Amino acid sequence: MSPNPAATATAFAAERARLLGIAYRMLGSRADAEDVLQDAWLRWNESGNADVRSTQAWLTTIVTRLSIDRLRSAKAQREVYIGPWLPEPLADIDPVTPESTAELASELSLAFLNLLERLGPDERAAFVLHDAFDCDYDDIAEVLGKSPAACRQLVHRARERVIAERRRFEVDEQTRRRMLERFIEVANAGDLPAIKALFATDARLVTDGGGKAVAVRRILHGAERIAQLFKMIFRRNASGVERRIVRVNGELGLATSFRGRLHSVTTIDTDGRRIYAYYSVANPDKLGAFLPRA
């Protein structure tokens with residue numbers, strides 16, 4: 001007997017948020033993650049899933065493998081991407097999992113997802129499944145077609161790389177808001193010394209325009225160069241720029257508009273006294289979550 005279509009749809013819907021969370025962490029793109037889920041749904045619907053012992057395990061395997069395939073293709077495309085590539089930011093109204101805001105901010109920040117780009121596809125999959133979704137090594141081994149020992153090594157190697165390169169600050173939301181408000185104040189005033197003082201001496205600024213928006217095409221290093229950039233922006237466009245605080249991937253960030261049109265969405269790494277990294281996404285293809293809903 002073929003499975004009940006309504007039951008098939010209900011079973012998939014029950015896993016959808018979790019699957020989207022996996023795919024988005026793997027790909028850093030909501031659009032690509034949605035495409036993966038569409039492919040997974042078609043396979044699920046066509047599978048005659050009456051013999052599936054665990055819906056979650058079956059769908060997790062399919063979504064992870066589809067994400068690995070798409071990530072391998074995406075990495076080749078990103079090698080010819082114009083300027084730095086950053087993940088697609090998500091608005092607070094458009095979460096990919098039912099997790100708490102604190103967990104979102106910890107595991108879905110643009111900085112963290114950008115760091116995951118340095119992992120190989122299998123490494124990234126093993127790390128995401130184990131550390132973000134609490135899968136055990138036997139389950140990961142089945143997903144990746146490797147031994148549990150090999151998966152344990154993948155997770156260990158990935159975690160070592162993430163820990164070594166991740167700059168982790170424990171900053172409460174009020175402190176982050178104060179830093180963002182201070183940045184808005186000094187940037188809007190074009191106050192070069194104050195902007196420079198707000199950034200750490202070894203700070204970096206990463207902007208993703210994708211060749212489709214005005215953006216710095218190379219990573220800027222150092223408070224002096226970053227401050228000069230915002231001074232130049234002030235001189236050229238002071239009257240047309242508006243900055244406001246929004247929630248980006250679970251943490252407070254900025255939305256910057258120019259003459260009434262959204263230009264970019266930004267998050268920062270801060271210890272509460274200085275800004276150490278400034279990640280800004282200006283590629284219009286990645287800003288859909290922050291545009292007004294019809």
Inset, instruction - Taking only region 262-287 into account, find how many residues are closer than 20 Å to G83 by Cβ, without any contact (Cβ under 8 Å) to a residue 60 or more places away in the chain and not β-branched (V, I, T). - result: 3
Legend entry - Failed item in (1) modelled with pLDDT of 95 or more; (2) in contact with a Pro (Cβ under 6 Å, 6 or more places away or on another chain), with I62 passing the rest: (2)
Legend entry - Count of region 106-130 residues which are open to solvent by 30 Å² or more (accessible area, probe 1.4 Å) and modelled with pLDDT under 90: 1
Inset, instruction - Could you check, for region 142-151, whether at least one of its residues is in contact with an Asp or Glu (Cβ under 7 Å, 6 or more places away or on another chain) and either surrounded by 14 or more Cβ atoms within 10 Å (Cβ to Cβ) or at pLDDT below 95 (or both)? - result: yes
Inset, instruction - Please give the helices (runs of 4 or more DSSP H) falling wholly within region 140-246 in which 3 or more residues are within 18 Å of S257 (Cα to Cα). - result: 173-189, 223-237
Legend entry - Hits in region 192-209 - residues which are of a type in the set (G, A, S) and either at pLDDT below 95 or in contact with a strand residue (DSSP E or B) (Cβ under 7 Å, 6 or more places away or on another chain) (or both): A200, A203
Inset, instruction - Answer yes or no: is there a residue in region 184-198 that is loosely packed, with under 14 Cβ neighbours inside 10 Å and closer than 24 Å to K286 by Cβ. - result: no
Inset, instruction - Considering every residue within region 233-245, establish whether at least one is under 19 Å from the mean Cα position of the chain (by Cα) and surrounded by fewer than 19 Cβ atoms within 10 Å (Cβ to Cβ). - result: yes
Inset, instruction - Just give me the residues in region 170-183 being closer than 30 Å to C135 by Cβ and crowded, with 16+ Cβ neighbours inside 10 Å, in sequence order. - result: V171
Legend entry - Complete set of residues in region 131-141 that are free of Cβ contacts under 8 Å to residues at least 24 places away in the same chain and open to solvent by 50 Å² or more (accessible area, probe 1.4 Å): D134, D136, D138
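The values are calculated or read from the model by the stated rules, or taken from the named source; none is laboratory data. Note that this is a predicted model, so its numbers are computed, not measured. So basically every Cβ, Gly included, is an ideal-geometry build from the backbone, and we count neighbours across all protein chains shown. Areas reflect the complete protein model, heavy atoms only, side chains present, ligands, DNA and RNA absent. Shrake-Rupley method; radii C 1.70, N 1.55, O 1.52, S 1.80 Å.
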